[in-house]
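Just below is one structure, and these are the notes that go with it.
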Amino acid sequence: MFDQDKWQEIFQTLKQNKLRTVLTAFGVFWGIFMLIIMLGAGNGLRNAVFYGFENFATNSAFTWTRRTTLPYQGFDRGRRWNFTTQDMIALRENIPEIKYLAPRLQGTSKGSIAKVTRGLKAGDYTIYGDYPDYAKIDPQKILTGRFINDYDIKYKRKVAVVGTRVREVLFDKEEDPLSKYIDIDGVYFQVIGVFKPINTKISFGANPEELIYVPFTTSQIAFNHGDIVHYFAITAKDGVPVSVVDKKSKALLKQWHRIHPDDDRAIGGFDLEQEVKKVNGLFTGINVLVWIVGIGTLMAGVIGVSNIMLIVVKERTKEIGIKRAIGAQPETIIGQIILESVFLTAVAGFAGLTIGVWLLELINMALTASGGNSGAFRNPEVNFGIAFTALVIIVVSGAFAGLLPAQRAISIKPIDALRDE
Amino acid sequence: MIRFENLHKSYITGSNKLHVLKGINLEIKEGELISIMGSSGSGKSTLLNITGILDNYDEGSYYLDNMLISNMSEKKAAMLRNKYIGFVFQSFNLISFKNALENVALPLYYQKVSRKKRNLIAMEYLEKMGLKEWAHHMPNELSGGQKQRVAIARSLITRPKVILADEPTGALDTSTSYEVMEIFKEINQSGITVIIVTHEDDIAHRTNKIIRLRDGLIESINGELVNPEFVETEISEHV
């Protein structure tokens with residue numbers, strides 16, 4: 001219900017000392033403003049970090065072989081071993097939780113980095129032999145042409161998908177790279193596509209723009225890899241943590257290759273899910289810190305309001321006495337003071353919230369205008385839930401700020417209040 | 001209407017105990033116009049405050065409209081004050097940021113009467129006080145007599161049974177004082193009990209009954225000594 005008298009009194013009190021009102025309100029304003037800005041900045045950092053692998057299948061893991069460290073079944077330690085294509089088939093059969101399994105080969109017969117030439121143009125690039133499924137784990141943006149497909153695998157076609165940097169170096173600007181041939185360590189490959197990496201934050205040593213993908217089966221033959229597999233990229237089915245699949249597959253691989261079950265160092269691995277969890281944990285920490293500092297700043301503002309309300313109550317002791325003498329009940333007086341306090345904090349807080357969000361939006365616009373991809377900071381924002389939480393905090397803290405002064409106003413007996421000159 | 005039986009009240013200031021009321025026995029009937037006199041410190045204001053349920057007492061009993069007033073919650077006290085008692089103060093005690101009309105209407109606000117209705121009633125009372133044209137003036141634009149008439153209108157608006165006036169003419173000049181007293185007489189004639197605390201003889205003489213307090217006891221009513229312990233004391237002033 002809108003009670004004109006109540007509001008008239010509130011405005012009257014706030015108007016009586018404008019400077020004081022503004023300074024008090026500023027405390028709350030600043031509290032909320034800082035909270036919003038800090039939360040926005042935290043989100044900006046988070047977005048910047050996660051931007052690098054937003055499309056990467058986060059429930060994926062990579063596995064590779066290393067030298068054994070424990071003797072087992074007659075084998076000495078320090079043995080080198082390799083995954084094989086048999087493992088690939090066996091893993092698919094034995095672990096139903098696997099969604100995608102992509103075996104990978106790296107490098108040519110001459111080394112892990114190949115010399116790639118086209119006429120007089122040349123560069124050193126990392127070559128991967130891949131299955132089409134790899135694109136589902138680590139999606140690429142295909143600018144022109146296509147990625148490797150099942151027929152490439154089946155017919156062991158000598159085709160290559162090159163990164164944007166490779167294209168820039170080996171081809172002229174206006175030249176169409178499709179169907180042209182490039183020389184990879186002495187073997188000619190036809191370019192079937194150009195890709196731009198999406199997941200810039202994840203790479204295995206090489207710059208993702210300087211990669212060349214060729215069919216797995218072609219790589220086996222052309223580069224003399226035989227039956228071995230360098231990596232397995234595994235994705236778990238939805239709802240299954242990849243760590244479960246990773247553990248199962250490692251156990252099976254050890255068994256098939258006669259590796260000691262406790263020889264964890266014989267298999268190298270990288271569990272993306274764990275990495276994401278670590279980063280998430282870091283940002284949860286930052287978020288907690290932001291809330292603690294923000295709430296602290298807000299508290300300081302609210303205590304300021306409470307303080308001023310105490311002074312207001314003191315100034316108005318006589319008036320409160322008069323009102324009580326003519327029949328105002330204690331609740332009415334308490335309600336009035338709390339409403340005044342809530343009103344002051346709500347207006348100031350709302351202003352802080354609005355200006356904070358507005359400033360974030362402005363920063364966002366500036367970032368977008370300047371290319372939008374500055375490494376450490378991206379798309380600072382606060383979501384509606386947080387804004388709403390902040391509003392609730394403002395109102396509740398306003399009520400708390402009014403509580404003590406209101407209690408003080410009531411504790412003075414009406415007769416003492418009337419005597420107060 | 002009002003009955004005190006052996007009423008005691010002390011104030012404790014630090015380690016000192018000040019015994020202000022030392023056993024007041026008094027009955028005020030409905031429709032009386034009474035003045036309470038006494039030098040400062042005689043306990044007249046304390047008695048008035050207890051009557052107005054603004055203050056509590058230590059011993060004895062106080063009946064208002066045959067209701068025992070004792071150990072009230074502040075909520076109940078506020079309700080009773082609003083319903084039974086109208087206050088008029090020496091310093092008017094109008095609320096400075098409300099105009100005359102709003103000041104008069106305020107008690108009805110606490111009775112949750114709608115704004116429109118209470119302003120209508122308030123205007124009616126202001127008219128009775130001859131202040132219709134001043135309804136929308138702020139208190140600081142009114143003269144002392146006008147302020148007091150606004151305060152009286154405010155005290156009347158709830159149709160109380162008792163009007164308590166604490167030195168209502170203390171801040172007014174003589175002719176205005178007499179005007180205000182005429183208003184109190186009119187109020188009294190409408191059946192409302194009026195109790196005026198004053199130390200001015202001419203004001204007291206315009207009431208129907210004069211109660212003199214001295215050292216926390218009733219010394220005399222209309223000049224007749226009531227407490228034997230005061231018999232030997234010379235009463236200097238004419239009564």
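The values are calculated or read from the model by the stated rules, or taken from the named source; none is laboratory data. Keep in mind the model is a prediction, meaning the values are calculated, not measured. Here Cβ is always computed from backbone atoms with ideal geometry, including for glycine, and neighbour counts include all displayed protein chains. Accessible surface areas use protein heavy atoms only, side chains included; no ligands, DNA or RNA. Shrake-Rupley method; radii C 1.70, N 1.55, O 1.52, S 1.80 Å.
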>> With the structure loaded, tell me whether A:Gly335 is open to solvent by less than 50 Å² (accessible area, probe 1.4 Å), assigned to a helix (DSSP H, G or I) and away from every other protein chain (no Cβ under 14 Å) or whether it fails that test.
In response: no
>> So, in segment B:45-68, exactly how many residues are more than 14 Å from every other protein chain (Cβ to nearest Cβ) and either open to solvent by 10 Å² or more (accessible area, probe 1.4 Å) or hydroxyl-bearing (Ser, Thr, Tyr) (or both)?
In response: 10
>> Filter segment B:111-135 down to the residues that are exposed (fewer than 13 other Cβ atoms within 10 Å of the Cβ) and within 14 Å of another protein chain (Cβ to nearest Cβ) and list them by number.
In response: B:Lys112, B:Ser114, B:Lys116, B:Lys117
> Does at least one position in segment A:16-25 carry a residue that is of a type in the set (Lys, Arg) and closer than 16 Å to A:Ser306 by Cα?
Replying inline: yes
> Of all residues in segment B:69-110, which are surrounded by fewer than 20 Cβ atoms within 10 Å (Cβ to Cβ), more than 8 Å from every other protein chain (Cβ to nearest Cβ) and among the aliphatic types (A, V, I, L, M)?
Replying inline: B:Met72, B:Leu80
> Conditions: (1) part of a helix (DSSP H, G or I); (2) away from chain B (no Cβ under 14 Å); (3) buried (at least 18 other Cβ atoms within 10 Å of the Cβ); (4) not acidic (Asp, Glu). A:Ile89 meets all but one. Number of the miss?
Replying inline: (3)
> Which ones in segment B:1-22 are of a type in the set (A, V, I, L, M, F, W, C), touching a Phe, Trp or Tyr at 6+ places or on another chain (Cβ under 8 Å) and surrounded by fewer than 16 Cβ atoms within 10 Å (Cβ to Cβ)?
Replying inline: B:Leu18
> Within the group A:Gly301, A:Gly239, A:Gly268, which residue is part of a loop (DSSP other than H, G, I, E, B), of a type in the set (Gly, Ala, Ser) and farther than 30 Å from B:Ala151 by Cβ?
Replying inline: A:Gly239
> Considering only residues of segment A:312-330 that are touching a residue at least 40 places away in the same chain (Cβ under 8 Å) and of a type in the set (A, V, I, L, M), which is farthest from the other protein chains (Cβ to nearest Cβ)?
Replying inline: A:Val313
> If you go through segment A:351-374 one residue at a time, do you hit one that is in a loop (DSSP other than H, G, I, E, B), at pLDDT below 85 and in contact with a Leu (Cβ under 7 Å, 6 or more places away or on another chain)?
Replying inline: yes
>> Just to be sure I understand, how many residues within segment A:390-415 are open to solvent by 70 Å² or more (accessible area, probe 1.4 Å) and within 13 Å of chain B (Cβ to nearest Cβ)?
In response: 3
> Does at least one position in segment A:359-369 carry a residue that is surrounded by 17 or more Cβ atoms within 10 Å (Cβ to Cβ), of a type outside the set (Asp, Glu) and within 13 Å of chain B (Cβ to nearest Cβ)?
Replying inline: no
>> Take A:Arg378 and tell me if it is under 45 Å from the mean Cα position of the chain (by Cα), at pLDDT below 85 and either crowded, with 18+ Cβ neighbours inside 10 Å or within 14 Å of chain B (Cβ to nearest Cβ) (or both).
In response: yes
> Can you name the number of the only condition in (1) in contact (Cβ under 8 Å) with a residue 24 or more places away in the chain; (2) crowded, with 16+ Cβ neighbours inside 10 Å that A:Ala135 fails?
Replying inline: (1)
> Which of (1) open to solvent by 20 Å² or more (accessible area, probe 1.4 Å); (2) in contact (Cβ under 8 Å) with a residue 60 or more places away in the chain does A:Lys247 not meet, given it meets every other one?
Replying inline: (2)
